[in-house]
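Participant: Please read through the structure below; I'll follow up with questions.
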Amino acid sequence: MKKEKYLKIKLVRSLIGHPRKHRLVANGLGLRKLNSQVVRKDCPEIRGMVRKISHLLEVEETDKP
């Protein structure tokens, strides 16, 4: 059985002054306020969202949700 991996994602830079698409991606990940954190499954869709706004995030891989 394959072990599921997770990503711990934290918003560390403000969304003020960034394009609307970047704000929508952050909301899609569940990041609403500065320093908010979420844990999401490691899948291609989430990786793509993280890559789009990687300059605003801190990302850490974990084994536990």
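Any read-out appearing in this document is the output of simple, stated calculations on the displayed coordinates, not a laboratory observation. Fair warning: this is a prediction, and the values are worked out from it, not measured in the lab.
Participant: For LYS64 and LYS8 in one chain, what is 0.36 nm times their gap in residues minus the Cα-Cα distance, to one decimal in nm?
Facilitator: Full extension of this stretch gives 19.2 nm more.
Participant: I'm checking a number: the convex hull volume of the Cα atoms of the chain, normalised per residue, in Å³. What is it?
Facilitator: So the per-residue hull volume is 74 Å³.
Participant: List nothing, just return the count: lysine pairs in the chain, 8 or more apart or interchain, with Cα separation under 20 Å.
Facilitator: For the chain, qualifying lysine pairs total 20.
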